[in-house]
Amino acid sequence: MKHLTGLSGISAEKITEILDRAAFHKDLFLNAENEIPRILKGKRIVLAFFENSTRTRFSFEIASRNLGAVTLNFTASSSSVNKGESIVDTIRNLEAMQVDAFVIRHPSSGSAEQISRITAKHVINAGDGTHEHPTQALLDIFTLRDYFGSLQNINIMILGDILHSRVARSNIFGLTTLGAQVGVCSPVSLLPGHIPSFGVRVFTDIDDAIRWADAAIVLRLQLERTTGGYLPSLEDYSLNFGLTDERLEKIRKHMLVLHPGPINREIEISSNVADRIQPPGYSKSVLLEQVTNGVAVRAAILEMLLTEADRQPALSLDNSPKE
């Protein structure tokens with residue numbers, strides 16, 4: 001695996017390998033007594049973010065530094081992109097500085113794949129337009145697998161703006177590959193016309209979706225959609241598609257709740273649902289656990305990409321400190 005530009009077409013075996021390595025990295029990350037081997041020492045990783053980010057950027061930076069790599073932070077607003085330089089020229093100039101990998105976030109769909117074709121270095125897609133966000137989906141899937149043990153025949157609802165969501169697409173590809181049953185729930189105006197071709201169940205009534213689902217991945221409602229003619233108002237969306245205590249209590253359904261963040265409280269999800277981390281109740285939030293898991297998943301991906309090509313051995317439990 002030279003690059004990770006999406007989960008479409010990635011085998012169940014490869015996804016499982018990433019998740020298994022992430023479990024190992026999570027144990028290293030959370031146990032303060034562990035000395036994390038600097039297996040990427042000497043590597044230079046460019047965090048090339050042409051869009052704003054908090055969780056994704058910081059988790060890649062922490063994962064890279066934990067493994068001994070140097071991170072180079074690129075922001076479009078303070079670069080030659082503002083002077084008209086193309087993304088291709090930007091990447092080629094950075095490559096000439098002898099970097100080893102690019103972590104790319106870009107507003108144009110397909111940009112990560114385009115970059116992977118013009119560079120000899122590793123490319124990791126950190127979100128490209130409305131196309132894919134594979135590392136977010138992998139941390140979501142890791143979180144779900146950690147809770148359920150196996151994803152075979154688990155019903156996972158993705159709730160929100162499916163039409164514009166790169167997170168939804170990557171999750172659909174990854175979850176269905178691992179045997180989960182995926183449903184999407186959204187206003188008709190925010191559903192892609194080709195959504196049935198993804199092999200998912202389609203709900204336009206949130207109560208029906210809740211009755212069916214074992215877990216919900218709630219998507220951030222992009223607030224600009226209300227001014228683009230997709231929705232009558234934020235209030236209308238919240239009333240008909242917001243995940244609230246009232247809905248869960250009415251159906252008396254225990255549900256695991258995920259959200260890629262940032263969240264719009266009291267719009268797509270209520271504060272009570274977003275913050276509930278302990279049962280009893282009709283839901284359990286794992287939003288902060290997702291953030292922790294993001295560091296582990298991204299460490300696993302960096303390790304697998306940057307050591308495989310160099311024929312270096314993967315980290316193993318033998319690398320952990322001995323008593």
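Just so you know, all these numbers are worked out from the coordinates, no wet-lab data involved. Quick caveat: nothing in here was measured; it's all calculated off a predicted structure. Here Cβ is always computed from backbone atoms with ideal geometry, including for glycine, and neighbour counts include all displayed protein chains.
Here are a few things to note about the model shown:
- For segment 150-189: rounded, prolate or oblate by the Cα gyration tensor [a/c cutoff 1.5]: oblate
- In the chain, the DSSP-assigned H stretches of four residues or longer account for a calculated mean residue ellipticity at 222 nm of -11500 deg cm²/dmol, using -39500 (n - 2.57) per stretch and the full residue count as denominator.
- Lysine-lysine proximity count for the chain, Cα under 24 Å, sequence distance 8 or more or distinct chains: 17
- Positive-end ranking of Ala299, Ala96, Gly9 along the dipole of the chain, with charges on Cβ about the Cα centre, is headed by Ala96.
- Helix axis angle, 134-148 relative to the chain longest principal axis, alpha carbon, degrees: 60
- Within the listed set Ala63, Ala96, Ala137, the residue fluctuating most in the Gaussian network model of the chain (springs between alpha-carbon atoms under 10 angstrom) is Ala96.
- Each of Leu234, Gln222, Ala137 was placed along the dipole of segment 134-288 (beta-carbon charges, centred on the mean Cα), and the one lying farthest toward the positive end is Ala137.
- With the highest mean first, a sort of the peptides 6-19, 26-39 on other beta-carbon atoms found within 10 angstrom per residue produces 6-19, 26-39.
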